Amino acid sequence: MPVPSPSSLSNRTRFRRAASSMDSNDNDNGCDNEITVPSVPQEPVARGRGRQRKRYGEIISALSNFSIQYNLGVISPALLLLDHCRVTNQADNPSLYPLSSNADSLLKSAVFLGAILGQSSMGFIGEALCGSLHLAMLVTNGIALLGTLGSTLVPLVGAGDFQRAEQVYTLLAVFRAILGFGVGGKYPLGSAIRAQAAESDVECPDKKEHRAKEVAKGFFWQTPGAIMPFIVQWALLLVFGDEHSGVGRKYVTSTNKQYVILVGLGAIPSIVMIFLSWQELANDANQGGNCPTICRRNRGGYREVLGNRNRGQSGLAMLLGALRNREHLRKLVGTGVSWALYDFVYYGTAFNQPEIISTVLGDGTGLVGVSWRDALIAMMGIPGVVLAIQMMETMGGPKPLQGWGFVMIGIASLNLLIFYASRDLIGSNISKWGGFVSCALLICALNWGCNVSTYVMPMEVFPREVRSSMHGLSAGMGKAGALLGCLVFTQLNQISVSLTFAACVIACCLGVLVTWRFVEPPYQNTFFADRYQSTQQQDRHHEPTSEMEPIRHEEII
């Protein structure tokens with residue numbers, strides 16, 4: 001039988017006392033009137049609300065993760081529409097807006113910096129300032145919607161004048177930064193909402209193991225989100241025409257239509273999530289009182305778990321104070337540094353994937369060929385993500401999955417390092433297919449372990465009241481690693497491809513070390529749990545404690 005919440009117990013206690021008082025008054029007056037006790041269906045209501053919260057959480061998490069990757073990845077095929085000559089080299093049909101190297105760097109830096117700020121701040125805003133994850137989700141989707149609509153309409157400002165290319169790309173970078181902030185904020189909020197949805201699942205008794213798998217299921221939708229921009233571009237090229245009949249300076253209207261549809265589709269998930277978040281806020285208000293009251297209670301829970309009851313101190317000051325706590329800082333080093341090392345490797349290896357794939361599939365010089373080749377590369381990650389979700393529980397949780405994930409990425413990178421160093425000594429046919437198979441294994445390894453575990457881990461090792469904030473800080477550190485990877489590997493690739501994969505192997509070794517030493521094992525003893533448990537067995541901050549119970553029964557909406 002489910003354990004009744006403290007609030008329901010207090011209501012029943014007050015009801016019994018009132019009934020007893022009425023009974024004694026009646027006896028004093030010589031009355032034998034029978035008291036009819038109205039039925040209070042607390043348990044069915046709670047179970048029904050739990051199912052509703054679980055359903056909303058699953059939808060919001062899936063849409064968040066899909067929207068993240070679609071909006072971040074759509075810029076690659078969108079820029080090909082604006083500057084198709086980068087892959088087609090057509091002198092008779094120049095690009096609508098030629099893209100300079102400076103503008104390309106500006107676009108990449110803007111979205112990365114926006115994502116880092118959004119990831120690092122929105123989880124904290126939802127827990128410490130708003131006291132409501134759904135309210136923060138509504139805000140971050142509004143910001144993402146603004147960035148998406150602005151990015152969609154920017155090329156129309158140029159009016160097809162190629163001399164305005166720098167103005168177009170500068171304005172696009174501004175809106176991409178806004179978009180990056182919005183979609184970055186969805187990282188911590190989407191994972192925390194999905195974790196709460198799993199904890200509201202009244203049908204599952206094993207909350208901890210069930211929660212990790214449910215959060216990973218929400219993360220799965222980033223893979224379809226990464227594939228979809230290339231599928232949409234391929235379909236638009238077939239409908240409106242490619243570089244020979246519908247893209248370029250000779251076809252301004254057709255090019256703008258394809259760009260607006262391709263980029264504008266990213267606004268649909270944000271619109272749906274704004275509606276769902278608003279609906280969930282209304283549902284929680286109906287169940288637990290008005291929204292400001294619930295938010296104040298949840299902000300109190302945030303202060304309680306950080307060990308500061310001073311209501312006058314700001315949430316930011318408390319968070320900074322908590323980071324000086326050795327245990328919280330240790331966990332953040334484990335989740336954040338490992339995420340940064342993974343993203344560093346991910347973006348480092350991504351430089352050479354199209355080159356290796358093209359040796360087997362062809363160069364794909366046309367826009368249609370490039371779009372389906374890029375879609376195929378993205379699809380190679382699906383088996384890895386599915387296997388990671390299915391194997392997480394049997395392997396002992398996200399920590400061993402992450403440790404072995406770094407091992408597999410390191411082995412795949414080492415394999416490509418050996419292949420590049422010795423390809424002059426082997427036959428061309430063996431070299432071609434060997435590189436293709438090695439690259440496919442690397443893509444699968446990149447999506448198998450660390451890709452899922454880095455997203456799930458902060459939800460498992462940090463206390464409930466602050467896990468969204470800490471997840472956001474960890475994700476921000478990951479994107480910082482990705483930005484560093486883009487800068488470092490651009491230089492290494494010009495020197496030697498072998499040097500690029502050597503750096504990946506070294507980073508994977510560091511990832512194994514950080515995972516083994518700093519990441520707390522959520523619920524099972526494994527090879528990668530031994531080192532941490534030897535020093536941290538007595539201190540498990542993510543488990544509920546008795547003194548926190550009065551505030552922990554409140555949901556962070």
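Contact annotation: residue pairs with Cβ atoms under 7 Å, 6 or more positions apart or on different chains, pairing a residue in segment 472-489 that is of a type outside the set (Gly, Ala, Ser) with a partner that is open to solvent by 20 Å² or more (accessible area, probe 1.4 Å) and not in a helix (DSSP H, G or I), are Phe489/Phe351. Remark: pairs (first residue in segment 87-99, over 13 Å from Arg164 (Cβ atoms); second residue among the basic types (Lys, Arg) and in a helix (DSSP H, G or I); Cβ separation under 6 Å; 6+ apart in sequence or on different chains) = Asn93/Lys250; Pro94/Arg249. Entry remark, segment 141-197: residues being of a type in the set (Val, Ile, Thr) and open to solvent by less than 30 Å² (accessible area, probe 1.4 Å) number 6 in total.
The criterion of at least 3 residues that are open to solvent by 10 Å² or more (accessible area, probe 1.4 Å) is met by the following helices (runs of 4 or more DSSP H) wholly inside segment 402-512: 428-448, 467-495. Taking segment 345-376 as the range and being of a type in the set (A, V, I, L, M), closer than 21 Å to Gly478 by Cβ and modelled with pLDDT under 85 as the test, only Ala350 passes. When restricted to residues that are at pLDDT 90 or above and among the charged types (D, E, K, R), segment 162-202 contains 2. Among residues of segment 169-191 that are without any contact (Cβ under 8 Å) to a residue 12 or more places away in the chain, none has a beta-carbon under 6 Å from a residue that is open to solvent by less than 10 Å² (accessible area, probe 1.4 Å) and not in a helix (DSSP H, G or I) at least six positions away or on a different chain.
Taking the criterion of being open to solvent by less than 30 Å² (accessible area, probe 1.4 Å) and aromatic (Phe, Trp, Tyr), the only residue of segment 55-88 that qualifies is Tyr70.
The values are calculated or read from the model by the stated rules, or taken from the named source; none is laboratory data. Small disclaimer: the values here were computed from a predicted structure and weren't measured. Virtual Cβ from ideal backbone geometry, glycine too; neighbours counted across all protein chains shown. Surface accessibility is based on the protein's heavy atoms, side chains included, excluding ligands, DNA and RNA. Shrake-Rupley method; radii C 1.70, N 1.55, O 1.52, S 1.80 Å.
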